[in-house]
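What follows is a short report on a single structure.
The values are calculated or read from the model by the stated rules, or taken from the named source; none is laboratory data. Since this is a predicted model, take the numbers as computed values, not measurements. Every residue, glycine as well, gets a Cβ built from its backbone with ideal geometry; the counts of neighbours run over all protein chains shown.
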């Protein structure tokens, strides 16, 4: 039987690859061939879960995280967008997939539209034009110097107006490519994250939306699950079981909270499990790892200290943990703004003094747990899988049945 091919194209950050991997695991069966866009950083994750990746890579965007931390969108320009779209087209033409599932990859919609390949997009609510929450300016943005001179109502209007102008301006390179290729026009940058069908991978209560078109489905997050046993971490925690344990995660788009924001020697009263570290080592009170299976140690964790990434926050909430976020880029701040509004986490900024973070940690651990979402989210909502099974791939005489 001829297998139908599904190509996953996540943006080159860990969170995007992990939730695509989880979705891929949930639809894997012998009637489907699943391939991932190659990533030098995450090929091991792809291979370890039994999937193949493309020979070609996508070239174009660079220094995204560093520039995003300064609210700088110069990484999106005519040269980078043209290079990215051409690279994506080369990969798509080489693999000739029946279906592309992308995750927050600007330019992918153009490539799929031009080559007439069905495209499902995974996106967060706060990067859509349908999000009803307020995307405030980042903590470090220079505009905040003027906030105190206007009312909150006026500030909100000013920010929303500036945001609309910025999203249209940054979208200009994509608009030119669409015109040149004869594709339907789009309004702003958020439109470039969308596909023919869109899975909004956020909880409706946490990130409300309105006016969703028929091709948008919002049924909750996709949480990465892992079977990796953290034997050494368990040994470490058993040896230091008299101390509270802090799980520290920076993902691939945050600064190293430990030791860049605060050194582990200043937190000797706690066990520190640090995931996302470039080096693997141990100190008297800390264990540094490139990757830690949080699910395997969650019951031993008293507090999660993270960068405010969407996946990490949902994972911590699902385990019913207290959270302190230390955001670095604007998207993480949008997450944290919403989570703090709902009293689901506290926030600390990189330009604040480490002593404040120590006080915040002690204060948070002394308080009774606040609102939690214990076991509120499943790994992959059924409706996402069901829709993929009913997509045009199955119209080509392929029956997709989950394992």
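Here residue 79 passes the criteria (1) in a loop (DSSP other than H, G, I, E, B); (2) modelled with pLDDT under 95 except the one numbered (1). Tell me yes or no: at least one residue of segment 313-323 is part of a strand (DSSP E or B), in contact with a helix residue (DSSP H, G or I) (Cβ under 7 Å, 6 or more places away or on another chain) and in the same structural domain as residue 242 (by TED's automatic domain parsing). The answer is yes, given that some residue of segment 313-323 is part of a strand (DSSP E or B), in contact with a helix residue (DSSP H, G or I) (Cβ under 7 Å, 6 or more places away or on another chain) and in the same structural domain as residue 242 (by TED's automatic domain parsing).
Yes/no matrix, rows are residues, columns are (1) surrounded by 15 or more Cβ atoms within 10 Å (Cβ to Cβ); (2) within 23 Å of residue 339 (Cα to Cα); (3) in contact with a strand residue (DSSP E or B) (Cβ under 9 Å, 6 or more places away or on another chain):
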residue: 165; (1), (2), (3): no, no, no
residue: 168; (1), (2), (3): no, no, no
residue: 179; (1), (2), (3): no, no, no
residue: 186; (1), (2), (3): yes, no, no
residue: 190; (1), (2), (3): yes, yes, yes
residue: 200; (1), (2), (3): yes, yes, yes
residue: 211; (1), (2), (3): no, yes, no
residue: 229; (1), (2), (3): no, no, no
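Report yes if residue 289 is in contact with a strand residue (DSSP E or B) (Cβ under 7 Å, 6 or more places away or on another chain), surrounded by fewer than 17 Cβ atoms within 10 Å (Cβ to Cβ) and farther than 24 Å from residue 369 by Cβ, otherwise no. No. Scanning segment 231-246 for residues that are free of Cβ contacts under 8 Å to residues at least 24 places away in the same chain and either touching a helix residue (DSSP H, G or I) at 6+ places or on another chain (Cβ under 6 Å) or assigned to a loop (DSSP other than H, G, I, E, B) (or both), we see that the one that is surrounded by the fewest Cβ atoms within 10 Å (Cβ to Cβ) is 242.
If you scan segment 127-150, which residues turn out to be assigned to a loop (DSSP other than H, G, I, E, B) and either more than 18 Å from residue 336 (Cβ to Cβ) or in contact with a helix residue (DSSP H, G or I) (Cβ under 7 Å, 6 or more places away or on another chain) (or both)?
The initial filter retains those residues of segment 127-150 that are assigned to a loop (DSSP other than H, G, I, E, B), namely 128-130, 132-141, 150.
If the condition is that a residue be assigned to a loop (DSSP other than H, G, I, E, B) and either more than 18 Å from residue 336 (Cβ to Cβ) or in contact with a helix residue (DSSP H, G or I) (Cβ under 7 Å, 6 or more places away or on another chain) (or both), then 128, 129, 130, 133, 134, 135, 136, 137, 138, 139, 150 are the ones that fit.
Looking across segment 299-312 at every residue that is part of a helix (DSSP H, G or I) and closer than 23 Å to residue 263 by Cα, the one that is nearest to the chain's Cα centre (by Cα) is identified as 312. Against the test of being in the same structural domain as residue 164 (by TED's automatic domain parsing), in contact with a strand residue (DSSP E or B) (Cβ under 7 Å, 6 or more places away or on another chain) and surrounded by fewer than 18 Cβ atoms within 10 Å (Cβ to Cβ), the options 59, 33 yield a single qualifying residue, 33.
When the residues of segment 92-106 are narrowed to those that are touching a helix residue (DSSP H, G or I) at 6+ places or on another chain (Cβ under 7 Å) and assigned to a loop (DSSP other than H, G, I, E, B), which ends up farthest from residue 33 (Cα to Cα)? Residue satisfying both the conditions and the ranking: 106.
Against the definition (loosely packed, with under 13 Cβ neighbours inside 10 Å, out of contact with any helix residue (DSSP H, G or I) (no Cβ under 8 Å at 6 or more places or on another chain) and in the same structural domain as residue 216 (by TED's automatic domain parsing)), how does residue 175 come out, yes or no?
It is false that residue 175 is loosely packed, with under 13 Cβ neighbours inside 10 Å, out of contact with any helix residue (DSSP H, G or I) (no Cβ under 8 Å at 6 or more places or on another chain) and in the same structural domain as residue 216 (by TED's automatic domain parsing).
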